[in-house]
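Working notes for the structure below.
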Amino acid sequence: MKLTPIFLSLAMAGACSHATANAVDEHTYANLNDVITTHLHLDLDVDFADKQLEGFVEHTLQWQDNSSKTLVLDTRDLDIDKIMYQDQNGGWHKASYTLAKRDDVKGSKLTITFKSQAQKARIYYNSRPEASGLQWLTPEQTASKTHPFMYSQSQAIHARSWIPVQDTPAMRVTYSARIHTPKDVRAVMSADNKDALYKDGDYIFDMPQAISPYLIAIGAGNLEFKAMSKQTGIFAEPTILDASVAEFNDTQAMIDKTNAMYGEYAWGRYDLLMLPPSFPFGGMENPRLSFITPTVVAGDKSLVNLIAHELAHSWSGNLVTNATWEDLWLNEGFTSYVENRIMEEVFGRDRAVMEQALDAAGLRAQLKTIDAPDTRLNLKLNGRDPDDAFSSVPYTKGQLFLIYLENKYGRDKFDPFVKTYFNEFSFKSLTTAEFVTYIKANLIEKYPGVVSMDKVNEWIFEPGLPADAPNPTSDAFDKVDNATQTWLTGSTTAAQLPTNNWTVHEWLHFLNNLPRDLSIEKMTELDAEFNLTQSTNAERAFAWYMLAVGNGYQAIYPALDNHLSGIGRRKLIVPLYKALVTHGKREWANKVYLNARPGYHPLAQGTIDALFVK
Ligand code: BES
Ligand code: ZN
């Protein structure tokens, strides 16, 4: 295992005609050619009263250029108190620095100048309450209502809002931390959490494996721990700990199956941190400790593909990392593919195919609403915030590309290719161009006459889906479609729909495919028969509310208000706000939003604010 930072080699220019000639991460100010950080040490107080992290970060530096004496870091909305540095003889001195004007996307460039090449630089600072990468919750906003809660979400470029850092996935650091909290609050990090098991308000963390800065993560709250197996466990507020353990107790089986397919899990323990419902994502693959939304604790394991997904990032993403945010598909496409392979191993082929079909249908619908250039796997961000180009393209189009290759080569050839790729690039960051070079030599030209490089390039660099893209179909869904037709044409009643053995997946397929001009009588009949407005499964409730808003079915509104006010996962709320606005419910939606907004994460606030500016 390599513990030294591996800095992206930029030698790929010209490897492929489609590749950007200069594969530099446009979202960082860092002067990586002069100097890189190899290790970070954080010493921070979690100050709930002022909603700030306060203390210092110490960078251990490795100079790349003998003539440079300048360290440039990324920051956003940080207050810098002072900067000290240690010279080559061990003496500490004050460094001079300038903090540039804030750029809306990249934040403020911090330029630090030393008198000689520093070994270490210590920046004393605090984050601000509005830090884009942190959420601060009052006790009332948590499940247990007794303690405050805070957590970070650094991907894509939010680490800089709580740590002055070279905030690019092109580089990697090891890190350590000492974190102070109120005595009755437990802190955890994307690191070795052994010391967090003893709750005393003073915690030491160590992450001896080099990771990209977007994977540095912290959470603090009324957290208890329960083991699920020797290698896995859950940190959660006591009120949801047992339900989470019951929901996710297949995690060890998922690890074991993935080890067998793609090589040994590299990170030691794999624990989960259950976040408050306002977490804007489903999950986040922070190494050793995935962050998870409580909206997937459905009681029937129907949404545990989320765990398979975050776990899969332990190979694609955390081991093998996209060098820039334009290469996000290398993280998310491979992860979606591996996620589904894990689901097949643990829950069987039928369920895995249903999940493929639901995602593929979701992608095909989304493709109609996204500007063509943003439907390419290799994104062109052109200075935009990576969050603004976020869609299911890197996920599901990426996954379909890999399923396409799997179908063409067969698993006996394709699986070893993926395993070797993970092994070859482990603890490295790579660009799409480097991937193209790799696949050309190790798959396309190794087995000639199966898939052409033109086809590979079409998948990666052209908009939309190739005409021969896989179109996953499920027998179970065909049965749902047949039953739906007989109900729609009036030959059967809702009570006669064969829903008794429907899983959540079949429900989702059913609801997503019902016409958006269904009569109020039909909507009422469904609701009366299946109590859909009161669905406790967050995904099923979401699908029903989308249908109901589209069809002008009014009975959902009190329940929809609860749904929108109770959770902050963007995928489950943003499309609803959008649908409400387009279906003449702007005023109602705005009122609900004004009430819910203080409980949402800054990221969700940003997305939804944009819908209501007139
Ligand atoms: N790493 C992502 C979340 C992310 C991506 C945050 C890009 C910021 C920028 C995480 O692994 C993820 O994809 N979560 C999905 C899971 C789903 C596809 C099963 C989510 O949150 O919905
Ligand atoms: Zn992911």
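Read-outs throughout are calculated quantities, based only on the coordinates presented, and are distinct from any laboratory measurement. The model shown is predicted, which means the values in this text are computed figures rather than measured ones. Neighbour counts are summed over all protein chains in view; Cβ atoms, including those assigned to glycine, are modelled from backbone coordinates with ideal geometry.
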| request: Check each of the trypsin sites (Lys or Arg not before Pro) in the range 167-221 and keep only those in coil by DSSP with at most 15 other C-beta atoms within 10 angstrom; list them in order. | output: Lys183
| query | Arranged by the count of other C-beta atoms within 10 angstrom, fewest first, what order do His309, His93 take? | reply | His93, His309
| note | re the range 222-267: pairs of Cα atoms spaced beyond 17 Å account for a percent value of 39 percent
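Please tell me which of these pairs span more than 29 angstrom C-alpha to C-alpha: Lys106/Lys455; Lys522/Lys571; Lys257/Lys408; Lys51/Lys109?
Exceeds cut-off: Lys106/Lys455.
What does the charge add up to near Glu406, with Lys and Arg as +1, Asp and Glu as -1, over the other residues with Cβ less than 11 Å from its Cβ? Can you show the working numbers first?
Values: positive: Arg341, Lys408, Arg411, Lys413; negative: Asp412, Asp415.
Net charge around Glu406: +2.
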| field | Against the rule of thumb 2.2 N^0.38 Å, how large the Cα Rg of the range 115-169 comes out | value | 1.53
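Quick check on the range 320-461: what are the equivalent-ellipsoid semi-axes from the Cα gyration tensor, as sqrt(5λ), descending, whole Å? Provide the component values of the computation, followed by the final result.
Numbers: eigenvalues 99, 81, 44 Å².
Here the semi-axes work out to 22, 20, 15 Å.
Going by how many other beta carbons lie within 10 Å of each one, how would you line up Trp544, Trp487, Trp92, fewest first? Could the numbers behind the result be given before it?
Details: Trp544 28, Trp487 20, Trp92 12.
Exposure proxy ranking, most exposed first: Trp92, Trp487, Trp544.
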| What does the convex hull of the Cα atoms of the chain come to per residue, in Å³, rounded to a whole number? | 152 Å³
| the range 98-212: C-alpha pair distances exceeding 21 Å, % | 49 percent
| the range 371-472: trypsin sites (Lys or Arg not before Pro) in DSSP coil with no more than 15 other Cβ atoms inside 10 Å | Lys380, Arg384, Lys446
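Could you give the alpha-carbon Rg of the range 502-612 over 2.2 N^0.38 Å, rounded to two decimals? Mind dumping the intermediate values first?
Working: Rg = 13.7 Å, N = 111, 2.2 N^0.38 = 13.2 Å.
Normalised Rg, Cα atoms only: 1.04.
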| message | To test your reading of the geometry: what angle, between 0 and 90 degrees and rounded to tens, separates the Cα axis of helix 570-582 from the longest principal axis of the chain? | response | 60 degrees
| Once both axes come from the Cα atoms, what is the angle between helix 349-367 and the longest principal axis of the chain, in degrees from 0 to 90, rounded to 10? | 80 degrees
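Please give the length that would be gained between Gln485 and Thr138 if that part of the chain were fully extended, namely 0.36 nm times their separation in residues minus their C-alpha to C-alpha distance (nm, one decimal).
Working: separation 347, 0.36 × 347 = 124.92 nm, distance 4.89 nm.
Computed gain between Gln485 and Thr138 is 120.0 nm.
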| Taking only Cα atoms, what is the 0 to 90° angle, nearest 10, from helix 251-262's long axis to the longest principal axis of the chain? | 80 degrees
| said: Within the range 117-150, name every residue whose backbone N is under 17 Å away from a label modeled 7 Å from Cα of Lys94 along the Cβ vector. | reply: 122-125
| field | Backbone HN-Hα couplings from phi across the range 197-202 [Karplus 6.51/-1.76/1.60, Hz, Gly and Pro as x] | value | 5, 9, 7, 9, x, 9
| Once label points are set 7 Å from the Cα along Cα→Cβ at both His583 and Asn595, what is their separation, rounded to one decimal in nm? | 1.9 nm
| query | In nm, to one decimal, how far is the modelled label at Gln119 from the one at Thr239, with both set 7 Å along Cα→Cβ? | reply | 5.0 nm
| task | Kindly provide the trypsin sites (Lys or Arg not before Pro) of the range 71-122 that DSSP labels as loop, not H, G, I, E or B, and whose Cβ sees at most 11 other Cβ atoms within 10 Å. | result | Lys101
| Using alpha carbon centroids, what distance separates the range 171-202 and the range 504-548, in Å? | 43 Å
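For the range 38-96, rounded, prolate or oblate, judged on the Cα gyration tensor with a ≥ b ≥ c (square roots of eigenvalues), a/c < 1.5 rounded, else prolate if a/b > b/c? Before the final figure, lay out the partial values.
Numbers: a/c = 2.29, a/b = 1.99, b/c = 1.15.
Since a/c reaches 1.5 and a/b is larger than b/c, the shape of the range 38-96 is classed as prolate.
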| note | Hits in the range 167-199: amide N under 15 Å from the 7 Å Cα→Cβ extension of Ser68, namely 167-168, 170-172
| Along its principal axes, what span do the Cα atoms of the range 154-227 show, with the longest given first and each in whole Å? | 36, 23, 20
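In what sequence do Glu355, Glu445 fall when counting other Cβ within 10 Å, fewest first?
Numbers: Glu355 22, Glu445 10.
In increasing order of surrounding Cβ atoms, one gets Glu445, Glu355.
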